[in-house]
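Q: Pasting a structure below so you can have a look.
The values are calculated or read from the model by the stated rules, or taken from the named source; none is laboratory data. Treat the numbers as computed from the prediction; the structure is a model and nothing was measured. Don't worry about glycine lacking a Cβ; one is built from the backbone with ideal geometry, like all the others, and counts go over all protein chains shown.
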Amino acid sequence: MPTDPEPSTGPTGGGLRRRLSARAARAARWAVTHPGPSVPLLALVLTAGFLLVVTLLPRKPAFVFVEAQTETLLYRVARPEVAGLPLVDATVRTDGETATVATGLLQPAEGALVRYRWSPAAIAVELSVRQGSAGTLVVDEEERPLPAWAVAVFPHPTSADSPAARPLPIAGPAEIGAEFGAPLAPRPGQRRVTGLMRGGEVQVFGRAVLWFNDDALYPVTDFPLPAGGRLTGDRPLADEAGSERLANWYGLARIGDEGFQVNATTETDSLRLHRPGVREAETFGIGLLTRLFNDPGLAAITIFVVVFTVAMQMLADWLPLWRGK
Amino acid sequence: MDASAALRLAVIGAMLTAPSGPPALAQSPDPAVTVAHSVGDFRESYDTAAKVAAGSPLVGLQLGTGTGRLGVDELQIAVPLAAPSICVSSATQDGRYAAINRYEAEAAGRPVWRLEPVTRAYQRELSGYGMETFAVRAYVPAGDGCAARGAVHVPLLAGEGDHLLVLANSRSRRGTAALFATLSPAAATGEAVASVRCEPAGESARIAFDLRCELPLPEPAQSQELSLRLTFDDGFGLDSYDYRLALPARADRP
């Protein structure tokens, strides 16, 4: 007695497969017999599938190179080992204590906020934490703990040989510049409050996502930094809990005649520029399309798909001609 | 005329004679609150060349911290001293809106003045701002105009919290705020009633103000006259600014 090779077992198993393949066959027949609506529909599905695959590829944060001229910058210390500052005859002042002149190493604590401020005559380095000690001052092998706030002021180094001529380090999430905001009415004898960012440039490099490109950097875009703005990460630096998730910046600030010349790098997909004239910050984001056309691996695949599609179209058009011969 | 027709006529008559405009703008039933109308030309600007000079480090003074969107029909100032009029300078943190106007109270002797209007031309624009990005500096001027020199400042009633919030323009310097128990800033050399280190203000563009200083308040039963000292430090030196304040009694605070 012959046996049923695929006994029906309800909605699961072979029955379901049969029904699905029957539906697929019906859909294929419909697509062939209705080329008008089916061609754009299938093309849409294929395009959406391609973009979905690209979107789901693991993303690596962009490598950002920042070059700026500014009179102030602020960063939260993430790597205390590289955040130390040699001081030569600097005036160190803390809350409620008399200022002292010191030569030594100013060592900010991890998590402390460090602000560099330039003035035409001197440089101020301000350390602050909400609670605890903002760092130490190492003088002659002696470590002097600093309170929660301290500032060291020293004149512009006159000799490039001086330890104080070493550029100032940046080793943590940073903010560059301060908004060119409403001025204060000056009082007799008052100095100008410095803090202006005079301009700069941000260059963005992507990291290739496909295995055969081996994390290679590729140029994505660059944009100018307008004067009078404040460049930040995508979270407030003052918010200690939030700034833990900010990308670290590494670089240095050279003391110049009109401010600090900042060269720093960071790995992030989002930078914000707060500037006069707008309420919300401008956000520099690196989107899908930017990557699609710049990543060497993805660009090759994109070009392959485009050329393949065009070639297929051409062949499909030419074949009937040859067959006609 | 039957009774129901008379009632209908009475209701229609009441509707026709009722004051126009939203009910919130009518005289408040709260005996402590009076509506304060602006007098003279209304001076305000939005995203144009500012008609008022910022100039002062003190940009806003308020009791409590407001949350949510700015309610331009609901701004109330505590005026705990006898004053014929007050001047109100307001600004958004991004510096796009600025206004300075003089207001007179409808009813004398009320401790709370509701401003009418806060804005004439920019209601829609201002309604998009959050309370934390709007600063109001109200004061009883010493002279006829709105010159702030020698003025006694009075706070905006902003929201919950028993603290005085000072919004200041330091130009990115470190700021501290201290309260002294005397109206004369020159005599404010004794121990401060309260003193705090200011924090960076919000994440909006810091154009009109960049610091917020949250001062805990003493709890006297009566209104009090104090002085406020703002000190800014950029590392190179200190700048101090003194202001006179009059704060309401605890019972009149929000």
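Q: A:VAL54 is checked against (1) touching a strand residue (DSSP E or B) at 6+ places or on another chain (Cβ under 9 Å); (2) surrounded by 14 or more Cβ atoms within 10 Å (Cβ to Cβ) and fails just one. What number does that condition carry?
A: Result: A:VAL54 passes all but (1).
Q: Condition (residue is of a type in the set (Lys, Arg) and modelled with pLDDT of 90 or more) applied to the stretch B:89-107: is it met by at least one residue?
A: Yes, the stretch B:89-107 contains at least one residue that is of a type in the set (Lys, Arg) and modelled with pLDDT of 90 or more.
Q: From the list B:GLU214, B:GLU219, B:GLU199, pick out the single residue that is on the phi < 0 side of the Ramachandran plot and either touching a Cys at 6+ places or on another chain (Cβ under 7 Å) or at pLDDT below 90 (or both).
A: Result of the check over B:GLU214, B:GLU219, B:GLU199: B:GLU219.
Q: Select from the stretch A:235-259 the residues that are modelled with pLDDT of 70 or more and within 14 Å of chain B (Cβ to nearest Cβ) and write down the one among them that is nearest to A:GLU71 (Cα to Cα).
A: Within the stretch A:235-259, the match that is nearest to A:GLU71 (Cα to Cα) is A:GLY259.
Q: Identify the single condition in (1) surrounded by 15 or more Cβ atoms within 10 Å (Cβ to Cβ); (2) touching a residue at least 24 places away in the same chain (Cβ under 8 Å); (3) within 30 Å of the chain's Cα centre (by Cα) that A:ARG130 does not satisfy, given that it satisfies every other one.
A: (1)
Q: I've got another one for you. Confirm whether A:GLN69 is more than 25 Å from the chain's Cα centre (by Cα) and within 19 Å of A:ILE170 (Cβ to Cβ).
A: No, not satisfied.
Q: Given the structure, is A:THR3 hydroxyl-bearing (Ser, Thr, Tyr), at pLDDT below 85, farther than 30 Å from A:GLY199 by Cβ and out of contact with any helix residue (DSSP H, G or I) (no Cβ under 6 Å at 6 or more places or on another chain)?
A: Considered against the rule, which asks whether it is hydroxyl-bearing (Ser, Thr, Tyr), at pLDDT below 85, farther than 30 Å from A:GLY199 by Cβ and out of contact with any helix residue (DSSP H, G or I) (no Cβ under 6 Å at 6 or more places or on another chain), A:THR3 comes out as yes.
Q: Scanning the stretch B:77-98 for residues that are facing another protein chain (nearest Cβ under 9 Å) and over 15 Å from the mean Cα position of the chain (by Cα), which turns out farthest from B:GLY40 (Cα to Cα)?
A: Checked the stretch B:77-98; the qualifying residue farthest from B:GLY40 (Cα to Cα) is B:ASP94.
Q: So which residues in the stretch A:28-86 are of a type in the set (Gly, Ala, Ser) and assigned to a helix (DSSP H, G or I), if there are any at all?
A: Within the stretch A:28-86, A:ALA28, A:ALA31, A:GLY36, A:SER38, A:ALA43, A:ALA48, A:GLY49 meet the criteria.
Q: Go over the candidates B:ARG149, B:ARG102, B:ARG171 one by one and state the one that is within 27 Å of B:ARG197 (Cα to Cα) and touching a Gly at 6+ places or on another chain (Cβ under 7 Å).
A: B:ARG171
Q: On the basis of being within 11 Å of another protein chain (Cβ to nearest Cβ), in contact (Cβ under 8 Å) with a residue 24 or more places away in the chain, surrounded by 16 or more Cβ atoms within 10 Å (Cβ to Cβ) and at negative phi, does A:ALA124 make the cut?
A: yes
For every residue, the table says whether it meets (1) aromatic (Phe, Trp, Tyr); (2) under 30 Å from A:ILE301 (Cα atoms); (3) in the same structural domain as A:GLY135 (by TED's automatic domain parsing); (4) surrounded by 17 or more Cβ atoms within 10 Å (Cβ to Cβ).
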residue	(1), (2), (3), (4)
A:PRO61	no, yes, no, no
A:GLU71	no, no, yes, yes
A:VAL82	no, no, yes, no
A:ARG93	no, no, yes, yes
A:THR103	no, no, yes, no
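Q: Could you tell me how many of the residues in the stretch B:190-205 are in a loop (DSSP other than H, G, I, E, B) and either in contact with a Gly (Cβ under 6 Å, 6 or more places away or on another chain) or not charged (D, E, K, R) (or both)?
A: Counting residues in the stretch B:190-205 that are in a loop (DSSP other than H, G, I, E, B) and either in contact with a Gly (Cβ under 6 Å, 6 or more places away or on another chain) or not charged (D, E, K, R) (or both) gives 8.
Q: Before we move on, is A:GLU110 at pLDDT below 95, part of a strand (DSSP E or B) and either assigned by TED's automatic domain parsing to the domain that holds A:ALA253 or closer than 24 Å to A:GLY251 by Cβ (or both)?
A: No; evaluated as a whole, the condition is false for this residue.
Q: Can you pull out the residues in the stretch A:91-113 that are farther than 18 Å from A:ALA165 by Cα and either of a type in the set (S, T, N, Q) or without any contact (Cβ under 8 Å) to a residue 60 or more places away in the chain (or both)?
A: Within the stretch A:91-113, A:THR94, A:ASP95, A:GLY96, A:GLU97, A:THR98, A:ALA99, A:THR100, A:PRO108, A:ALA109, A:GLU110, A:ALA112 meet the criteria.
Residue by residue, here is whether (1) polar (S, T, N, Q); (2) more than 17 Å from A:LEU246 (Cβ to Cβ); (3) under 20 Å from the mean Cα position of the chain (by Cα); (4) not assigned by TED's automatic domain parsing to the domain that holds A:THR309 holds:
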| residue | (1), (2), (3), (4) |
| --- | --- |
| A:VAL45 | no, yes, no, yes |
| A:ALA48 | no, yes, no, yes |
| A:LEU51 | no, yes, no, yes |
| A:PRO58 | no, yes, yes, yes |
| A:TYR75 | no, no, yes, yes |
| A:ASP89 | no, yes, no, yes |
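Q: Provide a single number: the residues in the stretch A:87-99 that are within 14 Å of A:PRO145 (Cα to Cα) and either away from chain B (no Cβ under 13 Å) or not in a loop (DSSP other than H, G, I, E, B) (or both).
A: Qualifying residue count for the region: 4.
Q: Select from the stretch B:128-153 the residues that are surrounded by 13 or more Cβ atoms within 10 Å (Cβ to Cβ) and more than 13 Å from chain A (Cβ to nearest Cβ) and list them in ascending order.
A: B:MET131, B:VAL136, B:ALA138, B:TYR139, B:VAL140, B:PRO141, B:ALA142, B:CYS146, B:ALA151, B:VAL152, B:HIS153
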